[in-house]
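The values are calculated or read from the model by the stated rules, or taken from the named source; none is laboratory data. Here the structure is a predicted model, which means the values were calculated and not measured. Methodologically, a virtual Cβ is constructed for each residue, glycine included, from the backbone with ideal geometry; neighbour enumeration extends over all protein chains shown. We work out accessible area using only protein heavy atoms, side chains counted, and drop any ligands, DNA or RNA first. Shrake-Rupley method; radii C 1.70, N 1.55, O 1.52, S 1.80 Å.
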Amino acid sequence: MDKIKLGIIGIGNMGSVHAVSLIEGNIPELELTAVADIRESRRRWAKEQLPNNVQIFSDGDSLMEDGCCDAVLIAVPHYDHPRFVINAFAHGLHAMCEKPAGVYTLQVRKMNEAAAKTDRVFGMMFNQRTNPVYRKIYEMVHSQKYGALKRVNWIITDWYRTQAYYNSGGWRATWAGEGGGVLINQCPHNLDLLQWICGMPAKVHAFCHIGKWHDIEVEDDVTAYMEFPNGATGVFVTTTGDAPGTNRLEITLEKGKIVCENNVLRFYELDCSEREYCFTTPEGFRPPAGHWTEIVTEGENLQHTGVLRAFAANILRGEPLVANGEEGINGLALSNAMYLSGWLGKTVELPIDENLFLEKLNELRANSKMKEVQEITFNTEGTYGSGGKP
């Protein structure tokens, strides 16, 4: 086998981007052979825009049952991600899942259990892990060369969205349809990167503001405080209502501070560990000496293309994935903790009570109202790369 036959389930905003990229030949080892969508308008788009040899199905289950694919890419609303991945494994198919892994960790845990019982490849579309800037930050933190984590602050407020965006789908920005707002839709990448680079916090206290800047029933503005197992602390701030927004990541280590902003990575390296300096210097006010350096990164920022190329290479030759599918539960556990803290109005410890989370989520789902709107599929090019862009 020199090519993997791929089917895309869900050809909305992201699914259509993947479909076009495939037919343009950007992932040579993947061949688009089928797409599926429950909406007639998207199937009509597929018939008009995709080659005649691409089969079109009215639902994902039919696509998987047909046997026309070796692998599937899941790009449907969030609640259905685990169900389709589990079904893919049942049909002997490899699976690539768009973010997030799901809406609540209990359902994702079942997905991971199914993945553990199959020999099929399972990947998550964490395309921000392909960004050389974040790969370099990961390398610097995990090298231990600069000591332990002391503090992380991430202001990620450049996920701007208009009311028209939220009105583009009846399921959007509803507890029943999408399962949340900025945390579950825009920020899975950032929460994945946060835990990938810094590890999982032990405690979270979050403030999740419902419809602060938009006419929606879910959160569009969040501020969260975190405590890590080693005593380090962190603050995570995000919204879809700021213009201009900010994307500034600061990570303070014992021997310096990493700053990523405007796609520039800088590092202030101390001449000695702050912890050592604090208890040995006779000085009362003077901080330890150090210097700024602009860090040069290497490699291409391939984003979704890089994730899919690695997916194909893993299936064909066993090469590493950008992100294993089982890792999707980590960032989701962090967002679930932020939600639960906001709902309860208090600090929560991780791992959270998953049954309590689902109970509270189901209360919101029961009162959720799907919108009657004219569905719109936007061109998302250039909107998903929150990699320190201006």
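Of note:
- Candidates L106, L73, L93, L63 - the one that is touching an Asp or Glu at 6+ places or on another chain (Cβ under 8 Å) and farther than 21 Å from H304 by Cα: L106
- Filtering the stretch 104-114 to residues that are assigned to a helix (DSSP H, G or I) and open to solvent by 10 Å² or more (accessible area, probe 1.4 Å) leaves L106, Q107, R109, K110, N112, E113, A114.
- Some residue of the stretch 263-273 being out of contact with any His (no Cβ under 6 Å at 6 or more places or on another chain), open to solvent by 30 Å² or more (accessible area, probe 1.4 Å) and among the aliphatic types (A, V, I, L, M): yes
- Of the helices (runs of 4 or more DSSP H) contained entirely in the stretch 119-232, those carrying at least 1 residues that are among the aliphatic types (A, V, I, L, M) and open to solvent by less than 10 Å² (accessible area, probe 1.4 Å) fall at 132-142, 188-198.
- Within the set A114, A101, A202, the sole residue that is aliphatic (A, V, I, L, M), in contact with a strand residue (DSSP E or B) (Cβ under 8 Å, 6 or more places away or on another chain), under 27 Å from P82 (Cβ atoms) and in the same structural domain as N314 (by the TED database) turns out to be A101.
- Filtered by the rule that a residue be within 18 Å of N127 (Cα to Cα) and open to solvent by 40 Å² or more (accessible area, probe 1.4 Å), the stretch 30-44 gives no residues.
- If the condition is being touching an Asp or Glu at 6+ places or on another chain (Cβ under 9 Å) and under 14 Å from G328 (Cα atoms), then the stretch 196-208 contributes only W196.
- Residue in the stretch 4-19 that is within 25 Å of S168 (Cβ to Cβ), free of Cβ contacts under 8 Å to residues at least 60 places away in the same chain and crowded, with 18+ Cβ neighbours inside 10 Å present: yes
- Whichever residue in the stretch 349-366 is hydrophobic (A, V, I, L, M, F, W, C) and over 18 Å from H209 (Cβ atoms) and, among such residues, is least open to solvent (accessible area, probe 1.4 Å): F357
- One residue alone among G388, G325, G306 is surrounded by 14 or more Cβ atoms within 10 Å (Cβ to Cβ), at pLDDT below 95 and over 24 Å from R172 (Cβ atoms), and that residue is G388.
- Pair list, Cβ < 7 Å and 6+ apart or interchain, from the stretch 278-290 residues that are under 25 Å from R266 (Cβ atoms) to residues that are not in a loop (DSSP other than H, G, I, E, B): P288/L270; P288/E274; P288/Y277; G290/G256; G290/Y268; G290/E269; G290/L270
- In the stretch 236-257, the residues that are β-branched (V, I, T) and touching a Ser or Thr at 6+ places or on another chain (Cβ under 8 Å): V237, T238, T239, T246
- Search result, residues across the stretch 309-322 that are buried (at least 18 other Cβ atoms within 10 Å of the Cβ) and among the basic types (K, R): R309
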